[in-house]
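Have a look at the structure below before the remarks.
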Amino acid sequence: MPRIERDIAQLKAEVAQRPLPRHVGIIMDGNGRWAEQRGLPRLEGHRRGSDSVREVTRAARRLGLSALTLYAFSSQNWERPPDEVAGLMDLLRDYLHRERPEIMENGIRLHAIGELDRLPPRVRDPLEALRRDSATHTDMTLTLALSYGGREEIIAMARRIAADRIDPDSIDARAIEDRLWTEGLPPLELVVRTSGEFRVSNFLLWQLAYAEIHFTETLWPDFGELDLLLAIEDFQKRERRFGKTSAQIRTA
Ligand code: FPP
């Protein structure tokens, strides 16, 4: 579907009047294709993708979203060619240094989920420092999913359940959510996937249960404020039924 050109200010005003999704997750895809279409190295696509991260984070905070989770590097991405992995780690390091002032000055809490001990020190150290220093911020939680996999998260949760020696009869959704890496974050209500792919690719598998999914053809380096607003507008038009009938929802 072609991207609809809309007036951003008007769309923002309309979207802001209606309830916002409490937690938006984004599968940022298409950096490689964006670069290849321009005869550029794939890493240039990732670099432009990190500019989109800045623009979308700013737009989300100004709009008043309380939680934004970005899928920046999957557990499976370690299998990419070593120079691409190293380049992505350099970009993450640069991002953490460059964005630190904006995060600290704008009340953003930086959080991270994933197998963080697999990250090299040049990423893990500034990540941990920013996480610690922004821990009391309350305007918006920006979560980076890094070395993240939904299945890996579920395995880690199951191990914690076993280690905590929980009585099997008392294992409920709450017991599971308290042991997922997303513990404490608001329920995921909208997931956006860019680049025209229709997959969830191991992203927040448990949390996706009742999320709305918005797919867009836009490649991540071209994704900006307008695209975020269009995704939220799409969410706001959906009827969320949670297994009930349309009539029940209308009556409630
Ligand atoms: C998928 O595109 C994207 C990634 C694997 C990495 C996402 C990374 C960034 C947006 C930049 C760094 C992140 C931060 C938070 C600064 P792809 O390479 O799979 O694209 P393709 O499917 O077109 O090849």
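The values are calculated or read from the model by the stated rules, or taken from the named source; none is laboratory data. Quick caveat: nothing in here was measured; it's all calculated off a predicted structure. Here Cβ is always computed from backbone atoms with ideal geometry, including for glycine, and neighbour counts include all displayed protein chains.
Tell me, yes or no, whether region 70-90 has at least one residue that is of a type in the set (Val, Ile, Thr) and touching a strand residue (DSSP E or B) at 6+ places or on another chain (Cβ under 7 Å).
No, region 70-90 contains no residue that is of a type in the set (Val, Ile, Thr) and touching a strand residue (DSSP E or B) at 6+ places or on another chain (Cβ under 7 Å).
In this structure, does Gly25 turn out to be touching a residue at least 40 places away in the same chain (Cβ under 8 Å), crowded, with 21+ Cβ neighbours inside 10 Å and out of contact with any strand residue (DSSP E or B) (no Cβ under 8 Å at 6 or more places or on another chain)?
In short, no.
Could you look through region 37-58, keep only residues that are near the ligand (Cβ under 7 Å from one of its atoms) and not polar (S, T, N, Q), and pick out the one that is surrounded by the most Cβ atoms within 10 Å (Cβ to Cβ)? Write out each step before concluding.
Of region 37-58, the ones near the ligand (Cβ under 7 Å from one of its atoms) are 42, 45-46, 49-50, 52-53.
From the residues that got through so far, the ones that are not polar (S, T, N, Q) too are 42, 45-46, 49, 53.
Numbers: Arg42: 19, Gly45: 21, His46: 23, Gly49: 26, Val53: 21.
Top of the filtered list is Gly49.
Only one of (1) at pLDDT 95 or above; (2) in contact with a helix residue (DSSP H, G or I) (Cβ under 7 Å, 6 or more places away or on another chain); (3) more than 7 Å from the ligand (Cβ to nearest atom) is not met by Met28, so which one is it?
So Met28 meets the others, but not (3).
Go through region 63-102 and report how many residues are within 12 Å of the ligand (Cβ to nearest atom) and more than 26 Å from Arg179 (Cα to Cα). Don't jump to the end; show me each part of the working.
Keep residues of region 63-102 that are within 12 Å of the ligand (Cβ to nearest atom), which gives 68-81, 84-85, 87-99.
If we keep only those that are more than 26 Å from Arg179 (Cα to Cα) too, we end up with 79-81, 84-85, 87-99.
Of the residues in region 63-102, 18 are within 12 Å of the ligand (Cβ to nearest atom) and more than 26 Å from Arg179 (Cα to Cα).
Looking at region 155-175, can you tell me whether even one residue there is in contact with a Phe, Trp or Tyr (Cβ under 9 Å, 6 or more places away or on another chain), aliphatic (A, V, I, L, M) and in a strand (DSSP E or B)?
no
What number of residues in region 203-222 are under 14 Å from the mean Cα position of the chain (by Cα), part of a loop (DSSP other than H, G, I, E, B) and within 12 Å of the ligand (Cβ to nearest atom)?
Total satisfying the criteria: 1.
I'm trying to understand the selection: among the residues of region 135-172, which are among the small types (Gly, Ala, Ser), within 20 Å of the chain's Cα centre (by Cα) and over 27 Å from Asn77 (Cα atoms)? Spell out the reasoning first.
If we filter region 135-172 for residues that are among the small types (Gly, Ala, Ser), which is where we start, we get 135, 145, 147, 149-150, 156, 158, 162-163, 170.
So of that shortlist, the ones also within 20 Å of the chain's Cα centre (by Cα) come out as 135, 145, 147, 149-150, 156.
Once the filter is applied, which keeps residues that are among the small types (Gly, Ala, Ser), within 20 Å of the chain's Cα centre (by Cα) and over 27 Å from Asn77 (Cα atoms), region 135-172 yields only Ala135.
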